[in-house]
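Below is one structure; the comments refer to it alone.
The values are calculated or read from the model by the stated rules, or taken from the named source; none is laboratory data. The structure displayed is predicted, hence computed values, not measured ones. FYI the Cβ positions are ideal-geometry reconstructions off the backbone, even for glycines, and counts take in every protein chain you see. For accessibility, only protein heavy atoms count, side chains too; no ligands or nucleic acids. Shrake-Rupley method; radii C 1.70, N 1.55, O 1.52, S 1.80 Å.
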Amino acid sequence: MLFNFTNFSEDFVPVVISSANNAQAYLKHRHLQAFQFTIITLASSNSLVIWALCGRYVLGHEAMRRMGTANVLIAGMRGLGVEIAKNVILSGVKSVTVQDEGLAEWMDFSSQFFLLASHLGQNRALSSLSQLSALNPHVHVNAHTGPLKETLLQQFQVVVLTDSSLDDQQRFGTFCHSNGIKLIVADTKGLCGQLFCDFGEEFEVLDADGETPASAMIDHITKADPGVVTCFEQRHGFVDGSTVSLSEVCGMTKLNSYGPVDIKVLGPDSFSICDTSSFSEYEKGGVATEVKKSKILQFKPLDEALVDPELLVMTDYGKMTKHQTLHLAFQALHGFVKRVGRLPLPRSQSDAELLVAMVTELNKVSQLDQLDEGVVQSLSFTACGDLAPVNAFIGGLAAQEVMKEAMFYLSGKFSIGMCWWIFIPYLSALTTALLSLLQRGSRYDGQTAVFGSGFQERLGEQKYFLVGAGAIGCELLKNFALIGLGAGEGGHITVTDMDSIERSNLNRQFLFRSQDIGVREKQKSEVAAQAVRVMNPNMNITAHQNHLDPDSEQVYGHTFFMGLDGVAAALDNVEARVYLDGRCVQHQRPMLEGGTLGSKGHSLVVVPHLTESYGPAKTGSQNAIPLCTLKNFPHRIEHTLQWARDQFEGLYKQAAEHVNLYFRDSAGFLERTLGRGEAEALEVLECVWGGVGGQRPQGWEDCVGWARRQWETLYNNDIAQLLHCFPSDQLTSSGLPFWSGAKRCPHPLTFDPSNTTHMDYVVAAANLYGQIYGIVGTRDCSAIRSILERVHIPAFTPKSTVKIHLTDKEMEEERESGNLDTGRLDELQKKLSSPPVNSAALQMHPIDFEKDDDNNFHIDYIVAASNLRAENYDIPTADRHKSKLIAGRIIPAIATTTAAVAGLMCVELYKLVQGHRKISSYRSGYINLAVQYCVLSEPLGPQRFTVSDRSAHTPTVAFSPTSPVCFRCNAWLIGFYGTMATLEPRIRMGTCQLESQTELWI
């Protein structure tokens, strides 16, 4: 039987289950709470279908479920409309209807990425329908080619107006406001854009910032009015007026049931709460957790908002007058079209004068202190243009507002809706040079209307290197194709990404489809390159599958970088960004960089000798979990999950890798291992002996026995040993309880084959253990229980000679002291001096952790191992969803943020190609789409350090500490001594001309 499911996003994977009982068993096995699933009973079948979320976990299951009920209308299918539709469909609403009466023309092609040349003269909505539908098969996508009417709007919970007249905006705005329909008005004109939202009279927001609630471990609570709470953390993360709930408090237990309490921050590690003078004395423990407060927002209808200047959101605080002027200029622009019947012509002085006069007339009512007539003139000069980067940015913001409104359809989810006007002026990208603005019936007509045909030719000649074809990479390639970057004679785009396409990519990497998943020949870079060639057949693009690191410098060396005009970084880790930045600094090439984290994003432009570079990696050690915490004293679920990941890596990857290295070169392996210190050598050789000696499993039963004994060691014996060293009533030298504050007193577990989590661990551990030895396992719990009945568990007696380290420093000192069992080390060295004769048959199979395959036992193991350890320490456990997010080190990404960031990057690209040399022309972007936060700021200049001052009048030369090469003559920079740098006498190219004051650029 074929079922058609339409109200779930692409993030959901179907699991067909035969009965309700089996469904409940599946839920229990996966440790998933009921709200994570929608169970649908089919009228024609007794089967149940469970859709399990497997995406990037940004919005949460409940939010995704709510969005799956929303019907959205998007009016206008030019570039901005299709951008919004793309992002909304990827998000997973129930249905999207796209409306447009217009026919496709060449002006649309500069930003409408789903139009082909064969669509010229055809309806834009119908022409885009098939491509939009393919983005997410679980979203109904329909096209409406008739006019907008109130009867149509009544069918939707959310309405988005693009490319609409002010009369229509006011008319439909009044109708939507009075009928409880959420309204978004989005528009772009050349280099400027606007966005307005009306969520109705009452919009409940459950979470004002979308951030994870802060929490802190409690050290002490005073018995006073008000009580003062002191935390272990140096910074608790709360602010005045925050509401917290207290739990796990010993002694002053009434606080555990007191409920949410408002706090006053007294310091970075303390805050006051309610009157605790009548409570029992505080003994130990406790966690303070932030409680999110809901709030009701009241939105003004469009008519009222038009005349309320306080609703303006500033995005560039250096251009406040521009924002205020643009608010009037957009209104005047509608009046211009109504009077003249068209938009102002490109660079028409007479049209600009008329628009300025109309803005001045409007200001008689608004009475702004100052009008920026230059902004009005620039808007007039460029208003008929249609630019892909500007549409990408405004479209990302608008689609995020649709998601908020869609989630509110049932109740508020997170973040504040944008109840204000927002204007984005990019006029610094506008050159004052004389331009050839003739429209040639070209796909770039919408862009040449702003920048001229000469600039278009320059864009086509560019040679750019894009590193990364993931979420931001796909958006950048789309923009590159639309603006024609590298699509002319002599131009070229090189894109590299070594990853293949996974299902979890599909909700934000819109160039990929379901049929591309898991196909070895379809790497991300190749599929993305093919997709943009369809958008723009003139694209000159080459796809690579290389990792960018020092090993690839034979491919991406000096000649390669010197042949580039610029680089775009769409990377997902800091280390790769730092390396690429260093290569760009070394070769004096500009770099565009952007990144996202859920609804947050940033963009950065690096211009040689003008702006600061990305710079060296900042150490993350301050956020690292201390080893002693992981090993003995966890107090958060993040600690147990990291411990589980470490267990996975050690047992199923590193152990097998060590054995294979030993087989490959036993003598050399032993020599290298012994050279790493006795402590590490003993650990590694024990691991190797376990893989080649008598402990090697001979069959599946041995794997099950190993897993059961491993369970006993980790969750019973090790805990019993810890409590033997530090009993539950242990006191410190100061007479205070040892087990207090961040130190949770653990308790051993007793294995129970009827306990699901206990069995989950054994099943996953045994199967993974079998995989590294090439032994086939099973999920059959009944068969595994039968084997467990025959497994012998040795009795355990704690040892008084064992030392438990309280700090990482103690642990390191112990390793360096040499107080080890050298006899055992000698014994292992002797046993491993000669490898087995059948070493080829004993090769092992290391396992690389893979979070996205639910059938490989990886996440099964992590969830069970972590939750069992959490049970040891009375830490609240985590379901599979949360565990996968943390243990998989998933960086949340959503289509809306990536589109907006890519748009910001490409606006800066315009400026780079134009050759702007004033730092004031460029902007770094910082956005948080969960709240009204969008700031464009001037980038910082380079830091400069004096190297020598022989002659102050000679031109300066810049150096980068991230690169050992002189920019001018390529002499190697070999070191820094205070503020001094020295140059190696050997010169790579030419002769070093350093005879003057020299500066360092970083």
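Protein chains only, probe 1.4 Å: how do 664, 869, 744, 672 rank by accessible area, largest first?
The ordering from most to least exposed comes out as 664, 672, 744, 869.
Enumerate the lysines that residue 803 could reach by cross-link, defined here as Cα to Cα under 22 Å, with residues fewer than 8 away along the same chain left out.
The reachable lysines, counting only those whose Cα sits under 22 Å from residue 803, are 631, 743.
Test of understanding: extend the Cα→C-beta vector of residue 202 to 7 Å, then name every residue of segment 273-301 with backbone N under 15 Å from that spot.
Under cut-off, by backbone N: 294-299.
Which net charge results for the neighbourhood of residue 247, defined as the other residues with beta-carbon distances under 14 angstrom from its beta-carbon, given Lys and Arg at +1 and Asp and Glu at -1?
Value of the local net charge: +1.
In bins 5 Å wide, starting from 0, what share of all Cα pairs of segment 638-888 does each bin hold, as a percent?
Histogram of Cα-Cα distances, whole percents per bin: 1, 6, 11, 15, 16, 17, 15, 11, 5, 2, 1, 0.
Which distance in nm do the two modelled labels at residue 340 and residue 831 give, with both placed 7 Å along the Cα-to-Cβ direction?
8.8
In segment 152-264, carbon and sulfur make up what percent of the accessible area (probe 1.4 Å)?
46
Send over a whole-number figure in Å² for the accessible area per residue of segment 96-229, probe 1.4 Å.
Result: 36 Å² of accessible area for each residue.
Taking 0.36 nm per residue of separation and subtracting the Cα-Cα distance, what length does fully extending residue 840 through residue 680 add?
Gain on stretching residue 840 to residue 680: 55.0 nm.
With a Förster radius of 41 Å, plug the Cβ-Cβ distance of residue 257 and residue 320 into 1/(1 + (r/R0)^6) and report the FRET value to the nearest 0.05.
0.25
Can you work out ³J(HN,Hα) from phi for every residue in segment 656-664, in order, using Karplus 6.51 cos²θ - 1.76 cosθ + 1.60 and θ = phi - 60°, giving whole Hz and x for Gly and Pro?
Karplus-based 3J(HN,Hα) across segment 656-664 equals 5, 5, 4, 4, 5, 5, 5, 5, 5 Hz.
List the aspartates and glutamates whose alpha-carbon lies under 16 Å from that of residue 364, not counting same-chain residues fewer than 8 positions away?
Filter leaves 308, 372, 373.
What spacing in nm lies between the two simple spin-label points modelled at residue 824 and residue 785, each 7 Å away from Cα in the Cβ direction?
3.6
Note down the magnitude of the dipole of segment 638-888 about its Cα centre, charges +1 on Lys and Arg C-beta and -1 on Asp and Glu C-beta and zero elsewhere, to the nearest 20 debye.
The dipole of segment 638-888 has a size of about 320 debye.
What FRET efficiency comes out for residue 534 versus residue 709 if R0 is 51 angstrom and r is the Cβ-Cβ distance? Round to the nearest 0.05.
Between residue 534 and residue 709 the formula returns 0.35.
Checking the table 522/600; 182/404; 404/600 against a 22 Å threshold on Cα-Cα, which pairs fail?
522/600
Hey, which of these cross-link pairs are over 29 Å Cα-Cα: 809/884; 653/830; 809/882?
Going by Cα-Cα distance, 809/884; 809/882 fall outside the 29 Å limit.
Just the number, please: carbon plus sulfur as a percent of the accessible area of segment 638-888, 1.4 Å probe, no ligands or DNA/RNA counted.
Looking at segment 638-888 in its full context, I get 48 percent from C and S.
Points 7 angstrom from Cα along the Cβ direction at residue 657 and residue 597: gap in nanometres?
2.7
Hey, with R₀ at 45 Å, roughly what FRET efficiency would residue 649 and residue 133 work out to, going by the Cβ-Cβ distance, to 0.05?
Step by step, r from the Cβ atoms, then E = 0.60.
By how many nm would the segment from residue 809 to residue 239 grow when fully extended, if each residue of separation counts as 0.36 nm and the alpha-carbon distance is taken off?
Taking residue 809 through residue 239 to full extension adds about 201.9 nm, to one decimal.
Give me the distance between the Cα centres of segment 486-504 and segment 201-237, rounded to whole Å.
Their Cα centres are 46 Å away from one another.
Accessible area, 1.4 Å probe, largest first: how do 607, 574 sort?
574, 607
So for segment 215-291, considering every pair of alpha-carbon atoms, how many percent are separated by more than 16 Å?
Value for segment 215-291 (Cα pairs over 16 Å): 37 percent.
Would you please give the residues with an amide H less than 5 Å from that of residue 99, counting only those at least 5 places away or on a separate chain, with H modeled from the backbone geometry?
Amide H neighbours of residue 99: 74, 75, 76, 144.
To make sure I understand the rule: partners must be lysines, Cα under 23 Å from the Cα of residue 264, and not fewer than 8 residues away in the same chain. Which ones qualify?
Partners within reach: 223, 254, 284, 292, 293, 295.
What full-extension length gain, to one decimal in nm, is calculated for residue 224 and residue 120 as 0.36 nm per residue of separation minus the Cα-Cα distance?
The residue 224-residue 120 span can extend by a further 29.8 nm.
Compute, for residue 844, the solvent-accessible surface of its heavy atoms (probe 1.4 Å) with the complete set of protein chains present, and express it in square angstrom to the nearest 10.
10
Find the accessible area per residue for segment 717-870; the probe is 1.4 Å, ligands and nucleic acids are left out, and the unit is Å².
Per-residue accessible area for segment 717-870 comes out at 52 Å².
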